[in-house]
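Structure record follows, encoded as structure tokens.
The values are calculated or read from the model by the stated rules, or taken from the named source; none is laboratory data. Since this is a predicted model, take the numbers as computed values, not measurements. Virtual Cβ from ideal backbone geometry, glycine too; neighbours counted across all protein chains shown.
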């Protein structure tokens, strides 16, 4: 079961509308706004399988089904009093609906024990995410005089690869190290504060095919 909670807000330039109508206003000098909130629960499924391939090797695969959240909530408009007579029956608070698609994923992972002592394990996984089904975020309004609002996304599918090592020093201490690379589904043309990429974007430059990276060493002590 998956829960989606959405809060969308945007400013509206009513100054341009007022200036075009001959009112003493300037573009972007008389802003209003819109806000939309909605929450939805939906159900999907995961399928997982694991194999012991022998030779100290284990393989696992996981599939996560797509989930489309039907968002239904209240859209509230903030209209400056000076331009309210110009908007007619548009820009009135009304119910709105939209669809938020959450992608399917397919992951393959492996773990290989190295050495006779069995104290070193090499792990890795590869995950494909079907982000290309998210092409736009569109709100349709119950008010027939209110035009839909759409935010282009045009996401592309992404692939994430990760690898690491686990070294068991003794019965009390374990060292783990790993690295992750993931290409971004967000094209430059539609990257906005509303549709950003995640926090894995590094400060230093990387090739365009990679959006970010992480690496980490950690030590664990058993009680």
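Tell me yes or no: at least one residue of the range 42-65 is farther than 30 Å from residue 130 by Cα and touching a helix residue (DSSP H, G or I) at 6+ places or on another chain (Cβ under 9 Å). Looking for residues that are farther than 30 Å from residue 130 by Cα and touching a helix residue (DSSP H, G or I) at 6+ places or on another chain (Cβ under 9 Å), one finds none in the range 42-65, hence no. The residue list 160, 154 contains one member that is in contact with a strand residue (DSSP E or B) (Cβ under 6 Å, 6 or more places away or on another chain) and closer than 19 Å to residue 66 by Cβ, which is 160.
Among the residues here, residue 91 does not qualify as crowded, with 17+ Cβ neighbours inside 10 Å, free of Cβ contacts under 8 Å to residues at least 60 places away in the same chain and out of contact with any helix residue (DSSP H, G or I) (no Cβ under 7 Å at 6 or more places or on another chain).
Considering the range 57-85, the residues that are surrounded by 14 or more Cβ atoms within 10 Å (Cβ to Cβ) and part of a loop (DSSP other than H, G, I, E, B) include one that is farthest from the chain's Cα centre (by Cα), namely 82. Of the strands (runs of 3 or more DSSP E) lying entirely inside the range 88-194, the ones with 2 or more residues being farther than 26 Å from residue 74 by Cα are found at 105-114, 120-129, 158-168, 173-182. The residue that is surrounded by the most Cβ atoms within 10 Å (Cβ to Cβ), among those in the range 46-56 that are over 34 Å from the mean Cα position of the chain (by Cα) and part of a strand (DSSP E or B), is 53.
Yes or no: the range 203-212 includes at least one residue that is part of a strand (DSSP E or B), more than 21 Å from residue 113 (Cα to Cα), modelled with pLDDT under 85 and out of contact with any helix residue (DSSP H, G or I) (no Cβ under 8 Å at 6 or more places or on another chain). Yes, the range 203-212 contains at least one residue that is part of a strand (DSSP E or B), more than 21 Å from residue 113 (Cα to Cα), modelled with pLDDT under 85 and out of contact with any helix residue (DSSP H, G or I) (no Cβ under 8 Å at 6 or more places or on another chain).
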